[in-house]
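Undergrad: I have a structure here, written as structure tokens, and I will follow up with some questions on it.
The values are calculated or read from the model by the stated rules, or taken from the named source; none is laboratory data. This structure is a prediction, so every number in the text was calculated from the model and none was measured. Cβ placement follows ideal geometry from the backbone for every residue including glycine, while neighbour counts extend to all protein chains displayed. What goes into the accessible areas is simple: the full protein's heavy atoms, side chains included, and nothing from ligands, DNA or RNA. Shrake-Rupley method; radii C 1.70, N 1.55, O 1.52, S 1.80 Å.
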Amino acid sequence: MKKFTNVADIGDLDKALAEAADIKRNRFAYTGLGRNKTLMMIFFNSSLRTRLSTQKAAMNLGMNVIVLDVNQGAWKLETERGVIMDGDKAEHLLEAIPVMGCYCDIIGVRSFAGLKDKKEDYEDRVIEQFIKYSGRPVFSMEAATRHPLQSFADLITIEEFKTKPRPKVVMTWAPHPRALPQAVPNSFAEWMNATDYDFVITHPRGYELDPMFVGNAKVEYDQRKALEGADFVYAKNWSAYADPNYGKVLSTDRSWTVDAEKMALTDNAFFMHCLPVRRNMIVTDEVIESDRSIVIPEAANREISAQTVIKRLLESL
Ligand code: CP
């Protein structure tokens with residue numbers, strides 16, 4: 001595997017899940033693989049889980065790790081070609097990327113959608129430039145349109161907790177005060193559509209996702225109806241995708257918050273969220289603290305998804 005930005009890059013999901021389970025059983029079995037190899041993690045945006053779990057995964061594989069927060073201590077980077085650089089940006093990404101590639105063997109990049117220009121966001125320009133110009137295997141630590149390490153961890157978690165071969169998985173929009181990218185819901189939908197699960201998406205009108213990611217999922221605008229019989233409830237906020245409202249918050253309607261009454265409609269479902277989560281906006285204290293909440297095992301599996309991906313990238317060197 002030379003890059004990891006979407007579900008197609010991981011190939012056969014059963015094989016990837018078996019490899020992840022093997023790593024989880026003995027996460028130090030491959031410490032020789034990363035010896036004298038360096039992972040560079042480049043963050044254009046904040047992180048807690050991705051930063052810690054990916055670093056830990058690389059250390060489990062015996063790698064050295066360099067972390068760069070682009071907005072803290074590095075030169076401000078220009079990303080557009082043709083710009084006259086007479087402003088506050090001292091360096092162009094087109095020099096910075098190959099320079100970064102000189103100092104490492106594998107690169108992880110986090111670069112969120114700006115939510116101003118849909119075309120620019122959905123071309124995933126920053127990570128695509130890393131793939132093109134770094135000369136190194138590159139993986140996404142959340143790009144503008146997808147968060148595949150999260151989705152892979154979500155899939156691992158569902159496989160661990162499911163009690164029937166074809167569970168009903170419901171991804172529900174939930175309110176949030178700020179405009180968030182569509183990367184997590186896009187990616188979760190992409191990965192769920194690659195399984196044979198019964199996958200349903202529910203959201204208020206106006207929050208339709210890119211049809212490319214919705215795929216064959218059932219879209220149900222009535223949240224209560226969608227939740228009936230669910231085995232897993234995956235809550236997430238996202239901003240509007242459709243024009244002319246791209247990147248806007250259209251609603252903060254707290255009747256969409258996942259509470260105990262909503263969970264009672266399900267088949268004793270597990271509650272999932274990628275975190276960080278706004279309590280009592282997305283989900284009530286009661287639900288996230290309940291014994292059906294699996295947000296912590298879900299976050300723990302971020303180490304496993306990252307280690308599986310980095311292992312495969314190391315094997316490609
Ligand atoms: N879920 C997730 O990616 O968390 P962070 O933004 O903290 O990395």
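Undergrad: Somewhere in the range 217-235, is a residue within 16 Å of the ligand (Cβ to nearest atom), small (G, A, S) and surrounded by 16 or more Cβ atoms within 10 Å (Cβ to Cβ)?
TA: yes
Undergrad: Report, by residue number, each residue of the range 89-124 that is surrounded by fewer than 19 Cβ atoms within 10 Å (Cβ to Cβ), of a type in the set (D, E, K, R) and under 16 Å from N6 (Cβ atoms).
TA: E123
Undergrad: I would also like to ask the following. Among Q182, Q150, Q129, which is the only one that is more than 13 Å from the ligand (Cβ to nearest atom) and under 16 Å from the mean Cα position of the chain (by Cα)?
TA: Step by step, each of Q182, Q150, Q129 is checked, and only Q182 is more than 13 Å from the ligand (Cβ to nearest atom) and under 16 Å from the mean Cα position of the chain (by Cα).
Undergrad: Follow-up. Kindly list the number of the only condition in (1) at negative phi; (2) within 16 Å of the ligand (Cβ to nearest atom); (3) of a type in the set (D, E, K, R) that fails for K119.
TA: (2)
Yes/no per residue for (1) away from the ligand (no atom under 15 Å from the Cβ); (2) among the charged types (D, E, K, R):
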{"position": "K24", "(1), (2)": "yes, yes"}
{"position": "T31", "(1), (2)": "yes, no"}
{"position": "K37", "(1), (2)": "yes, yes"}
{"position": "R51", "(1), (2)": "no, yes"}
{"position": "M63", "(1), (2)": "yes, no"}
{"position": "I66", "(1), (2)": "yes, no"}
{"position": "G101", "(1), (2)": "yes, no"}
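Undergrad: While we're on this one: Mind listing whichever residues of the range 279-299 are open to solvent by 10 Å² or more (accessible area, probe 1.4 Å), within 13 Å of the ligand (Cβ to nearest atom) and touching a residue at least 40 places away in the same chain (Cβ under 8 Å)?
TA: A299
Undergrad: What is the residue count in the range 1-56 for residues that are open to solvent by less than 70 Å² (accessible area, probe 1.4 Å), polar (S, T, N, Q) and more than 18 Å from D154 (Cα to Cα)?
TA: 4
Undergrad: Can you say whether Q72 is more than 26 Å from M192 (Cα to Cα), touching a residue at least 40 places away in the same chain (Cβ under 8 Å) and open to solvent by 10 Å² or more (accessible area, probe 1.4 Å), as far as the supplied structure shows?
TA: No; evaluated as a whole, the condition is false for this residue.
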